[in-house]
Amino acid sequence: MNLKDYQRGRNDGLALALKIVQEGGREALEAEIKNRGVTGGELIMNYNESKETVLQLLPAEEVILQFAEECVELSREILVFDVEADGRLLSNGTEYKMLSKVREEAADVELVADVLLDKIYAAYDRRILGSMVGSILIVVKGLGLIHIRKVLHEVCHDLAKAALKLRRARSGENSTPITEEEAKEMLLCHISMIMALDTILFKNEEREQMEKIKEMKMERWAERLKGETADGNGIQ
C-alpha cells in the first residue's frame, strides 16, 4: 500500500468514526470497534480526549516553546548515540537503552507537533503537510539509517530554531523581519521532514511502542494542566 492509499483509508476511517460518534456517542463507536475486532481503539480515544484537554488549557506560545525544547532533547539524544556508536563503545545492552531514549524523545516531538498542528494551523495545512511528507519520503527512503539519523539530528536543530522564530513573530517581542505566516510555513516544512524521517527510522514494533508512549504522555500532560498532578505543565 502506498502513502496516498494509506492516507485515503485513514481519512475514510476517521470520517466513519465521526459519523458513528455523532449518531450514537462513544458507546456506539466502542461497540463498532469491538465488532470489527480492531485493537488500539481505546488507546486512540484516550489520546484524543487528552489532546483536547491540552488544546483547551495550554496557550499556543507555550506549545511552541515546548516543541522547541523537545526538538533540542531529541537532537541531543541522537548526537550522544552517534558519538558513542562511532567510537564503537556500545555494548548491546547500552545500545538498546540509548536507542530507546532516542525513540522516546522522537515520540515526544511527534506528540507536541500533533498538538501544535491543531493549535495554530488550519485543516488545509494538514493536507499540505501530508503531501510534503510523501514527497520527502520519495527522496530520502534510499538513504542508509546512519545517514538518516544524522539528517534527523540536523532537522531537530533547525526545528527548534524555527519554532522560536515563530514565537518571536507571534509575540512581537525581540522582533524579527520574518512574518508570522512565513514562520509558520517554515515550521511546517521542517515538521514534514521530521515526520518523514521518523516513518523510515521507526517501524513495526518500534512504531507501536512510540504510539503507546505518546498516549501515556498525552494523558499525563493533560492531568498536569488540569492540576491533577503537581509536577509542572510539561509532558515528561
Out of LYS214, LYS150, sole residue that is over 18 Å from ARG126 (Cβ atoms) and in a helix (DSSP H, G or I): LYS150
Conditions (1) at negative phi; (2) not in a helix (DSSP H, G or I): number failed by MET186: (2)
Selection status of GLU205, of a type outside the set (Phe, Trp, Tyr) and surrounded by fewer than 16 Cβ atoms within 10 Å (Cβ to Cβ): yes
Matching residues in region 169-179 - criterion: being surrounded by fewer than 17 Cβ atoms within 10 Å (Cβ to Cβ), modelled with pLDDT of 90 or more and assigned to a helix (DSSP H, G or I): ARG170
Region 133-160: number of residues that are crowded, with 18+ Cβ neighbours inside 10 Å and either without any contact (Cβ under 8 Å) to a residue 12 or more places away in the chain or farther than 25 Å from PHE81 by Cα (or both): 1
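The values are calculated or read from the model by the stated rules, or taken from the named source; none is laboratory data. On a predicted model such as this, the values are computed, not experimentally measured, just so you know. No Cβ is skipped: glycine too gets one built from the backbone with ideal geometry, and neighbour counts run over all protein chains shown.
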